[in-house]
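This report refers to the structure that appears directly beneath it.
FYI, it's all coordinate maths here, none of it is from the lab. Nothing here was measured: the structure is a model prediction, and the numbers come from that model. So basically every Cβ, Gly included, is an ideal-geometry build from the backbone, and we count neighbours across all protein chains shown.
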Amino acid sequence: MNDELGLRLKEDRLLRNAALALLKADVANLRADLAGKGFGERIVDRISEGAVDIFEEAVELADSNRGVLAALIGAVLLWFARNPILALFTDDDLGDEDEEDSDRAETEPA
């Protein structure tokens with residue numbers, strides 16, 4: 001029984017020492033990374049990595065949903081072209097009368 005406890009104690013110490021060595025190596029790597037780059041450079045790197053990830057995800061979604069993307073682009077184009085399209089369906093005579101009324105109001109004395 002004593003031999004089992006002694007063996008288990010040795011194994012636990014070996015595991016502890018291995019974990020401590022791993023932790024020290026991680027801390028050394030972190031310090032080297034932090035010393036190599038300034039604060040601003042690290043922020044720019046994180047932002048650019050995030051932007052690249054978002055762009056890659058957007059490209060994957062666009063590839064898998066081409067129909068939805070085409071409908072969205074069409075809706076945006078229609079939205080920007082709404083005034084000329086509506087002008088085709090409105091009565092031009094009403095627009096001319098409104099312009100004449102505003103011209104009269106400007107030239108007549110109050």
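Some points to look at:
- Total formal charge among the other residues, if their Cβ is under 15 angstrom from that of residue 60, Lys/Arg +1 and Asp/Glu -1: -3
- Taking N as its residue count, the alpha carbon Rg of the range 1-98 over 2.2 N^0.38 Å: 2.59
- Pair residue 73, residue 32: separation of 7 Å Cα→Cβ label points (nm): 4.7 nm
- Calculated FRET value between residue 61 and residue 81, using beta carbons and R₀ = 35 Å, to 0.05: 0.85
- The local environment of residue 5, defined by Cβ-Cβ distances under 12 Å, has a net charge of -2 under the rule Lys, Arg +1 and Asp, Glu -1.
- Residue 41 sits among other residues whose Cβ lies under 15 Å from its own Cβ, and their net charge, with Lys and Arg +1 and Asp and Glu -1, is 0.
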